[in-house]
Amino acid sequence: MSYWLMKEEPAKYSFENLVADEKTRWDGVKNNLALKHLRAMKKGDRAVFYETGKVKSAVGVVEISRGPYPDPDQEDDRLVVVDVKAIKKLDLPVPLADVKDNKTFASCALVRIPRLSVMPLNAPEWKTLLKMAGSG
């Protein structure tokens, strides 16, 4: 299993929206590096749902319920999507400032490439993030 972090603007689609919907298609990704990460996802992988904007916090855990496939709403074959389902809301949101203050995340894309919307997390980053959220 691989671990990921997926960012979304809560005004567009929040973790609460996902909980209500139970599952959704993760679309709208156009950055080449983020698309590369989407293409590497597999069914069963886990991801942190990170809300951007004013929130700037990890707030939930999702599971990749369907691996990458062409975005059915786009005519560009390089654009892919995955399906995700809500697993759980984190006990405590983990703000970006706390992530930046933790040495475990020194090489994490969330710190190094803050505008990237989809990124991998290694196992220590995943475990630390869940521990910081009181969920690990």
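Out of the residues in the stretch 68-87 meeting the condition of being of a type in the set (D, E, K, R) and under 16 Å from Phe49 (Cβ atoms), tell me which one is surrounded by the fewest Cβ atoms within 10 Å (Cβ to Cβ). The extreme case among them is Lys85. Count of the stretch 15-40 residues, restricted to those that are within 21 Å of Asn122 (Cβ to Cβ), touching a residue at least 12 places away in the same chain (Cβ under 8 Å) and assigned to a helix (DSSP H, G or I), is 7.
Checking Lys43, Lys56, Lys103, Lys12 one by one, the residue that is in contact (Cβ under 8 Å) with a residue 40 or more places away in the chain and of a type in the set (Lys, Arg) is Lys56 and no other. Scanning the stretch 65-121 for residues that are more than 21 Å from Lys36 (Cβ to Cβ) and of a type in the set (Asp, Glu) turns up Asp91, Asp98, Asp101.
Among residues that are of a type in the set (Asp, Glu), buried (at least 20 other Cβ atoms within 10 Å of the Cβ) and either closer than 15 Å to Ser117 by Cα or under 11 Å from the mean Cα position of the chain (by Cα) (or both), Glu51 is included.
Per this entry, Gly67 is not counted among residues that are without any contact (Cβ under 8 Å) to a residue 60 or more places away in the chain and either in contact with an Asp or Glu (Cβ under 7 Å, 6 or more places away or on another chain) or closer than 22 Å to Cys108 by Cβ (or both).
A short reminder: the numbers here are calculations on the coordinates, not readings from a lab. All of these numbers come straight from a predicted model, not from anything done at the bench. Positions of Cβ are backbone-derived with ideal geometry, glycine not excepted, and every protein chain shown enters the neighbour counts.
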